[in-house]
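The values are calculated or read from the model by the stated rules, or taken from the named source; none is laboratory data. Keep in mind it's a predicted model, so treat the numbers as computed, not measured. Glycine gets a Cβ as well: all are built from the backbone with ideal geometry, and neighbour counts include every protein chain shown.
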Number of protein chains: 2
Amino acid sequence: MPVNLPELHVSLPGWIAPFVARYPEPLPDMEARMKMVIALSMENVRNGLGGPFGAAVFDEEGRLVAPGVNMVTLANNSVLHAEIVALMLAQKKRGNYDLSDGANRRLELYTSTEPCAMCFGAICWSGISRLVCGASSEDAEAIGFDEGPRYPDRAAELTSRGIDVVLEVCRAEAAAVHRRYVAAGGIIYNAAL
Amino acid sequence: MPVNLPELHVSLPGWIAPFVARYPEPLPDMEARMKMVIALSMENVRNGLGGPFGAAVFDEEGRLVAPGVNMVTLANNSVLHAEIVALMLAQKKRGNYDLSDGANRRLELYTSTEPCAMCFGAICWSGISRLVCGASSEDAEAIGFDEGPRYPDRAAELTSRGIDVVLEVCRAEAAAVHRRYVAAGGIIYNAAL
């Protein structure tokens, strides 16, 4: 058969470098880190109507390892949710597919909205030690996004795998970005059935 | 904070182009397509001990859109399962994050082993119209891989989303590659807990 193999390059949008540079390091607490990923989600809407979702991997002291934003429409790629982008780039930076790295470093994933079915699966073996969420899956579904089939008691499943779960940190602020996206005319790609 | 943003390039291993060139096009039936993805899984083991998993997106006439192999250890990236690679590259080729493309093209994902929790989620909104699997999740777990939390009745969930599911096509042949991987000393990354 003819050989025509595509390749893929994943690089964050250009506005992210100056965005990151504005923040102090480390970010001292959970709320400060969450506010940064919510701001990522907001800027992703402002800069071209990317999906209203942001995420980042931090180390436990609050130093940024890798940010992520939803790049589904930008990159024409249904896999590139904010959490997936942040995890893949963090693994690239560490040179390891397992961010636990033998438990030497304890890395944490912050996400502006609770992960969908795909990202929930990805988190299981990403090697992170903590998942911190802003808005809930219900908030995302309220504007029509499809979060996918929800595994029963996801938090307990992650906890059993050694991943602490913290829900609804700055939830209202995170969900407000969803509504802003809708008001701005953002596409609800892969809408809930 | 200091700005050090990683980037990611996903390109298939070099052996895949000559591998693909050896096949006729189109591949006439389900079994022929499955045998090709099983051969991908086998070659992935032979060429450097990548995870023993292969996948491909075909159109309904059996023309290859994009192949995928497990690149977790090769690329140090826990997301790059064979199905994810095939889906992302197929979307890149089509220039669309939704492979259903308004239902004009009916694309199908073949995978040498039933998808894990992450890939199951990804499949939900990839836009494929059919999922065809070789070995079962139990086969992968039998050699120690972690398939992740299994959503109850996944086939019914996919069917309700308009995705036909066909299980256990050439299952024994696909599972034999798992055992070959173990015998060759392959790494069981992210082993089941």
Of all residues in the stretch A:59-97 being touching a residue at least 40 places away in the same chain (Cβ under 8 Å) and of a type in the set (S, T, N, Q), the one that is nearest to A:LEU8 (Cα to Cα): A:ASN77
Residues of the stretch B:14-57 satisfying the condition of being among the polar types (S, T, N, Q) and surrounded by fewer than 16 Cβ atoms within 10 Å (Cβ to Cβ): B:ASN47
Among (1) farther than 24 Å from B:VAL177 by Cα; (2) crowded, with 24+ Cβ neighbours inside 10 Å - the single one B:ILE123 does not satisfy: (1)
Spans of helices (runs of 4 or more DSSP H) in the stretch B:1-111 with at least 2 residues more than 13 Å from every other protein chain (Cβ to nearest Cβ) and within 12 Å of the chain's Cα centre (by Cα): B:30-46
Long-range neighbours under 6 Å by Cβ, at least six apart or interchain, first residue closer than 26 Å to B:PRO115 by Cα and of a type in the set (Val, Ile, Thr) within the stretch A:100-122, second at pLDDT 95 or above and surrounded by 24 or more Cβ atoms within 10 Å (Cβ to Cβ): A:THR111/A:ALA55; A:THR111/A:GLU83; A:THR111/A:CYS133; A:THR113/A:PHE53; A:THR113/A:ALA135
Qualifying residue in the stretch A:134-144 (condition: crowded, with 19+ Cβ neighbours inside 10 Å and out of contact with any Lys or Arg (no Cβ under 9 Å at 6 or more places or on another chain)): yes
Residue match in the stretch A:165-178 (condition: at pLDDT 95 or above and within 23 Å of B:ASP146 (Cβ to Cβ)): yes
Residue within the stretch A:138-149 that is acidic (Asp, Glu) and either in contact (Cβ under 8 Å) with a residue 60 or more places away in the chain or within 13 Å of chain B (Cβ to nearest Cβ) (or both) present: yes
